[in-house]
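These notes concern the structure reproduced below.
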Amino acid sequence: MSIYCVMAGLLCAACGYILGSINTSLIVGKFYKVDVRQHGSGNAGATNVLRTLGKKAAIFTFLGDFLKGVIACLAGRGLVALILLFTDATGIAPINHTVGLMIAGAFCIFGHNWPVFFGFKGGKGVLTTFAVFIMMAPIPALIALLFFVIIVAITRYVSLASMLTAVFLPLLVYLSGIFQWNVGVENITEYLIFCIPLALLIIVKHKKNIIKLIHGKENKLGKKKEVE
(Lines give C-alpha, C1' and ligand atoms only; values in the text may rest on other atoms or scores of the structure.)
Protein backbone atom coordinates (compact mmCIF):
# COMPACT_ATOMS: atom_id res chain seq x y z
CA MET A 1 0.00 0.00 0.00
CA SER A 2 1.39 3.39 -1.02
CA ILE A 3 2.32 6.05 1.52
CA TYR A 4 -0.09 8.30 -0.36
CA CYS A 5 -2.90 5.84 0.30
CA VAL A 6 -2.15 5.88 4.03
CA MET A 7 -1.86 9.66 4.04
CA ALA A 8 -5.19 10.04 2.24
CA GLY A 9 -6.92 7.72 4.69
CA LEU A 10 -5.47 9.49 7.72
CA LEU A 11 -6.41 12.93 6.40
CA CYS A 12 -9.97 11.82 5.69
CA ALA A 13 -10.25 10.27 9.15
CA ALA A 14 -8.84 13.34 10.92
CA CYS A 15 -11.04 15.75 8.99
CA GLY A 16 -14.16 13.67 9.61
CA TYR A 17 -13.44 13.26 13.32
CA ILE A 18 -12.81 16.97 13.91
CA LEU A 19 -16.01 17.93 12.11
CA GLY A 20 -17.95 15.29 14.02
CA SER A 21 -16.60 16.56 17.33
CA ILE A 22 -18.37 19.88 16.73
CA ASN A 23 -21.44 18.68 18.62
CA THR A 24 -24.28 21.04 17.70
CA SER A 25 -26.52 20.20 20.65
CA LEU A 26 -23.81 21.14 23.13
CA ILE A 27 -22.97 24.36 21.28
CA VAL A 28 -26.65 25.34 21.08
CA GLY A 29 -27.03 24.45 24.75
CA LYS A 30 -24.35 26.99 25.68
CA PHE A 31 -26.63 29.79 24.42
CA TYR A 32 -29.28 28.53 26.86
CA LYS A 33 -26.66 27.92 29.55
CA VAL A 34 -27.79 24.30 29.60
CA ASP A 35 -25.80 21.11 29.06
CA VAL A 36 -28.38 18.76 27.56
CA ARG A 37 -26.32 15.82 28.80
CA GLN A 38 -27.53 16.75 32.29
CA HIS A 39 -31.21 16.69 31.33
CA GLY A 40 -33.79 14.36 29.87
CA SER A 41 -32.25 11.22 28.40
CA GLY A 42 -28.74 12.65 28.80
CA ASN A 43 -28.10 12.24 25.09
CA ALA A 44 -26.40 15.05 23.18
CA GLY A 45 -28.73 14.83 20.20
CA ALA A 46 -31.62 16.58 18.50
CA THR A 47 -34.39 14.56 20.20
CA ASN A 48 -33.19 15.37 23.70
CA VAL A 49 -32.69 19.01 22.70
CA LEU A 50 -36.31 19.09 21.53
CA ARG A 51 -37.52 17.77 24.88
CA THR A 52 -35.16 19.95 26.90
CA LEU A 53 -34.86 23.25 25.03
CA GLY A 54 -37.73 23.26 22.55
CA LYS A 55 -38.30 23.32 18.80
CA LYS A 56 -36.06 26.24 17.81
CA ALA A 57 -33.01 24.76 19.50
CA ALA A 58 -33.83 21.34 18.06
CA ILE A 59 -33.99 22.74 14.51
CA PHE A 60 -30.51 24.28 14.83
CA THR A 61 -29.23 21.00 16.28
CA PHE A 62 -30.81 19.00 13.48
CA LEU A 63 -29.28 21.20 10.79
CA GLY A 64 -25.85 21.22 12.42
CA ASP A 65 -25.65 17.46 12.97
CA PHE A 66 -26.90 16.76 9.46
CA LEU A 67 -24.69 19.30 7.68
CA LYS A 68 -21.49 18.21 9.40
CA GLY A 69 -22.06 14.68 8.07
CA VAL A 70 -22.55 16.07 4.56
CA ILE A 71 -19.52 18.36 4.81
CA ALA A 72 -17.33 15.54 6.15
CA CYS A 73 -18.24 13.33 3.19
CA LEU A 74 -17.57 16.13 0.71
CA ALA A 75 -14.26 16.83 2.43
CA GLY A 76 -13.30 13.15 2.24
CA ARG A 77 -13.98 13.06 -1.48
CA GLY A 78 -12.19 16.35 -1.98
CA LEU A 79 -9.07 15.30 -0.09
CA VAL A 80 -8.76 12.10 -2.11
CA ALA A 81 -9.32 14.06 -5.33
CA LEU A 82 -6.50 16.46 -4.43
CA ILE A 83 -4.09 13.66 -3.57
CA LEU A 84 -4.97 11.85 -6.79
CA LEU A 85 -4.38 15.09 -8.67
CA PHE A 86 -0.92 15.79 -7.27
CA THR A 87 0.41 12.22 -7.05
CA ASP A 88 0.65 9.11 -9.17
CA ALA A 89 -2.94 7.79 -9.21
CA THR A 90 -1.78 4.24 -9.86
CA GLY A 91 0.18 4.31 -6.60
CA ILE A 92 -2.90 4.74 -4.43
CA ALA A 93 -5.36 2.47 -6.17
CA PRO A 94 -6.95 1.25 -2.87
CA ILE A 95 -8.15 4.80 -2.19
CA ASN A 96 -10.85 6.34 -4.38
CA HIS A 97 -13.47 9.05 -3.94
CA THR A 98 -16.04 6.67 -2.44
CA VAL A 99 -13.57 5.23 0.07
CA GLY A 100 -12.54 8.76 1.06
CA LEU A 101 -16.19 9.64 1.60
CA MET A 102 -16.74 6.52 3.69
CA ILE A 103 -13.69 7.06 5.90
CA ALA A 104 -14.48 10.73 6.56
CA GLY A 105 -18.16 9.94 7.12
CA ALA A 106 -17.46 7.13 9.56
CA PHE A 107 -15.03 9.21 11.59
CA CYS A 108 -17.49 12.11 11.60
CA ILE A 109 -19.95 9.74 13.32
CA PHE A 110 -17.24 8.66 15.78
CA GLY A 111 -16.50 12.32 16.49
CA HIS A 112 -20.17 13.02 17.15
CA ASN A 113 -20.41 10.09 19.55
CA TRP A 114 -17.06 10.77 21.25
CA PRO A 115 -16.24 14.48 20.64
CA VAL A 116 -12.72 15.56 21.50
CA PHE A 117 -13.99 19.09 22.27
CA PHE A 118 -16.58 17.92 24.83
CA GLY A 119 -14.85 15.33 26.98
CA PHE A 120 -15.57 12.44 24.57
CA LYS A 121 -19.22 12.38 25.70
CA GLY A 122 -21.52 13.01 22.76
CA GLY A 123 -24.67 11.68 21.14
CA LYS A 124 -25.79 8.47 19.46
CA GLY A 125 -24.98 9.57 15.92
CA VAL A 126 -28.30 8.66 14.27
CA LEU A 127 -28.80 11.90 12.36
CA THR A 128 -25.16 12.20 11.35
CA THR A 129 -25.21 8.58 10.19
CA PHE A 130 -28.25 9.36 8.05
CA ALA A 131 -26.42 12.33 6.51
CA VAL A 132 -23.46 10.11 5.65
CA PHE A 133 -25.70 7.50 4.03
CA ILE A 134 -27.51 10.19 2.04
CA MET A 135 -24.15 11.12 0.56
CA MET A 136 -23.07 7.52 0.04
CA ALA A 137 -26.27 5.80 -1.13
CA PRO A 138 -29.21 8.25 -1.31
CA ILE A 139 -31.96 5.87 -2.43
CA PRO A 140 -31.44 3.29 0.37
CA ALA A 141 -31.08 6.18 2.85
CA LEU A 142 -34.36 7.78 1.77
CA ILE A 143 -36.19 4.44 1.97
CA ALA A 144 -34.74 4.00 5.46
CA LEU A 145 -35.96 7.50 6.38
CA LEU A 146 -39.48 6.58 5.28
CA PHE A 147 -39.30 3.42 7.38
CA PHE A 148 -38.09 5.50 10.36
CA VAL A 149 -40.94 8.01 10.01
CA ILE A 150 -43.53 5.23 9.86
CA ILE A 151 -42.19 3.56 13.02
CA VAL A 152 -42.11 6.89 14.90
CA ALA A 153 -45.65 7.69 13.75
CA ILE A 154 -46.90 4.32 15.00
CA THR A 155 -44.97 4.00 18.26
CA ARG A 156 -43.80 7.58 19.10
CA TYR A 157 -40.49 6.02 20.14
CA VAL A 158 -37.57 7.66 18.31
CA SER A 159 -35.09 5.23 19.87
CA LEU A 160 -37.03 2.17 18.70
CA ALA A 161 -37.37 3.61 15.20
CA SER A 162 -33.64 4.38 15.12
CA MET A 163 -32.66 0.83 16.07
CA LEU A 164 -35.11 -0.88 13.72
CA THR A 165 -33.98 1.36 10.88
CA ALA A 166 -30.34 0.52 11.68
CA VAL A 167 -31.18 -3.19 11.39
CA PHE A 168 -33.05 -2.57 8.12
CA LEU A 169 -30.35 -0.41 6.52
CA PRO A 170 -27.77 -3.14 5.63
CA LEU A 171 -30.55 -5.07 3.87
CA LEU A 172 -31.44 -1.96 1.88
CA VAL A 173 -27.82 -1.47 0.92
CA TYR A 174 -27.61 -5.10 -0.21
CA LEU A 175 -30.79 -4.72 -2.28
CA SER A 176 -29.47 -1.47 -3.71
CA GLY A 177 -26.57 -3.43 -5.15
CA ILE A 178 -28.78 -6.18 -6.55
CA PHE A 179 -31.21 -3.73 -8.17
CA GLN A 180 -28.58 -1.07 -8.99
CA TRP A 181 -29.95 1.67 -6.67
CA ASN A 182 -26.83 3.87 -6.53
CA VAL A 183 -24.71 0.84 -5.56
CA GLY A 184 -23.29 -1.51 -8.16
CA VAL A 185 -23.22 -5.27 -7.65
CA GLU A 186 -19.41 -5.16 -7.61
CA ASN A 187 -19.51 -2.67 -4.69
CA ILE A 188 -21.90 -4.54 -2.37
CA THR A 189 -19.17 -6.01 -0.16
CA GLU A 190 -17.42 -2.66 0.17
CA TYR A 191 -20.65 -0.91 1.18
CA LEU A 192 -21.71 -3.64 3.61
CA ILE A 193 -18.32 -3.60 5.34
CA PHE A 194 -18.95 0.10 5.86
CA CYS A 195 -22.61 0.10 6.89
CA ILE A 196 -22.94 -3.00 9.11
CA PRO A 197 -20.55 -1.76 11.86
CA LEU A 198 -22.24 1.66 11.83
CA ALA A 199 -25.66 0.04 12.12
CA LEU A 200 -24.43 -2.06 15.06
CA LEU A 201 -22.95 1.07 16.64
CA ILE A 202 -26.37 2.74 16.65
CA ILE A 203 -27.86 -0.26 18.45
CA VAL A 204 -25.02 -0.38 20.99
CA LYS A 205 -25.40 3.34 21.69
CA HIS A 206 -29.08 2.72 22.47
CA LYS A 207 -28.47 0.06 25.13
CA LYS A 208 -29.99 2.24 27.89
CA ASN A 209 -33.02 2.89 25.68
CA ILE A 210 -33.44 -0.85 25.16
CA ILE A 211 -33.65 -1.35 28.92
CA LYS A 212 -36.17 1.49 29.24
CA LEU A 213 -38.27 0.08 26.41
CA ILE A 214 -38.34 -3.34 28.06
CA HIS A 215 -39.53 -1.79 31.33
CA GLY A 216 -41.95 0.62 29.67
CA LYS A 217 -40.06 3.71 30.86
CA GLU A 218 -38.82 5.08 27.54
CA ASN A 219 -39.90 8.65 26.72
CA LYS A 220 -42.17 9.10 23.74
CA LEU A 221 -41.81 11.87 21.18
CA GLY A 222 -43.80 14.94 22.16
CA LYS A 223 -43.08 14.81 25.87
CA LYS A 224 -43.09 18.28 27.44
CA LYS A 225 -39.68 19.92 27.55
CA GLU A 226 -37.94 20.17 30.90
CA VAL A 227 -36.00 23.44 30.66
CA GLU A 228 -37.34 26.78 29.53
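On the basis of being of a type outside the set (Asp, Glu), under 16 Å from residue 198 (Cα atoms) and not in a helix (DSSP H, G or I), does residue 111 make the cut? Taking the combined requirement at face value, the residue does not satisfy it. Test residue 61 against the criterion of being surrounded by 24 or more Cβ atoms within 10 Å (Cβ to Cβ) and either in contact with a helix residue (DSSP H, G or I) (Cβ under 9 Å, 6 or more places away or on another chain) or not in a loop (DSSP other than H, G, I, E, B) (or both), and give yes or no. Spelling it out, residue 61 is indeed surrounded by 24 or more Cβ atoms within 10 Å (Cβ to Cβ) and either in contact with a helix residue (DSSP H, G or I) (Cβ under 9 Å, 6 or more places away or on another chain) or not in a loop (DSSP other than H, G, I, E, B) (or both).
The residues of segment 18-35 that are under 19 Å from the mean Cα position of the chain (by Cα) and not in a loop (DSSP other than H, G, I, E, B), listed by number, are 18, 19, 20, 24, 25, 26, 27, 28.
Figure legend. Inter-residue proximity from segment 53-80: first residues touching a residue at least 40 places away in the same chain (Cβ under 8 Å), second residues surrounded by fewer than 19 Cβ atoms within 10 Å (Cβ to Cβ) and in a helix (DSSP H, G or I), beta-carbon distance below 7 Å, spacing 6+ or different chains. Indicated pairs: 80/97. Restricted to segment 102-122, and to residues there that are under 10 Å from residue 21 (Cα atoms) and within 10 Å of the chain's Cα centre (by Cα), the residue that is surrounded by the most Cβ atoms within 10 Å (Cβ to Cβ) is 108.
All conditions in (1) in contact with a Ser or Thr (Cβ under 6 Å, 6 or more places away or on another chain); (2) more than 25 Å from residue 222 (Cα to Cα) hold for residue 195, with the sole exception of (1).
Of all the criteria given as (1) at pLDDT below 90; (2) over 15 Å from residue 129 (Cβ atoms), the one not satisfied by residue 43 is (2).
Restricted to segment 72-96, and to residues there that are among the polar types (S, T, N, Q) and either at pLDDT 70 or above or surrounded by 15 or more Cβ atoms within 10 Å (Cβ to Cβ) (or both), the residue that is nearest to residue 187 (Cα to Cα) is 96. Any chance you could count how many residues in segment 153-192 are among the aliphatic types (A, V, I, L, M), over 17 Å from the mean Cα position of the chain (by Cα) and crowded, with 19+ Cβ neighbours inside 10 Å? Selection size over segment 153-192: 1. The set of residues in segment 1-40 that are touching a Leu at 6+ places or on another chain (Cβ under 6 Å) and either more than 18 Å from residue 84 (Cβ to Cβ) or modelled with pLDDT under 90 (or both) contains only 32.
Figure legend. Inter-residue proximity from segment 114-126: first residues under 16 Å from residue 35 (Cβ atoms), second residues surrounded by 15 or more Cβ atoms within 10 Å (Cβ to Cβ) and among the charged types (D, E, K, R), beta-carbon distance below 7 Å, spacing 6+ or different chains. Indicated pairs: 121/37.
The values are calculated or read from the model by the stated rules, or taken from the named source; none is laboratory data. In this text, all values refer to a predicted model and were calculated from it rather than measured experimentally. Please note: Cβ atoms are built from the backbone with ideal geometry, for glycine as well, and neighbour counts cover all protein chains shown.
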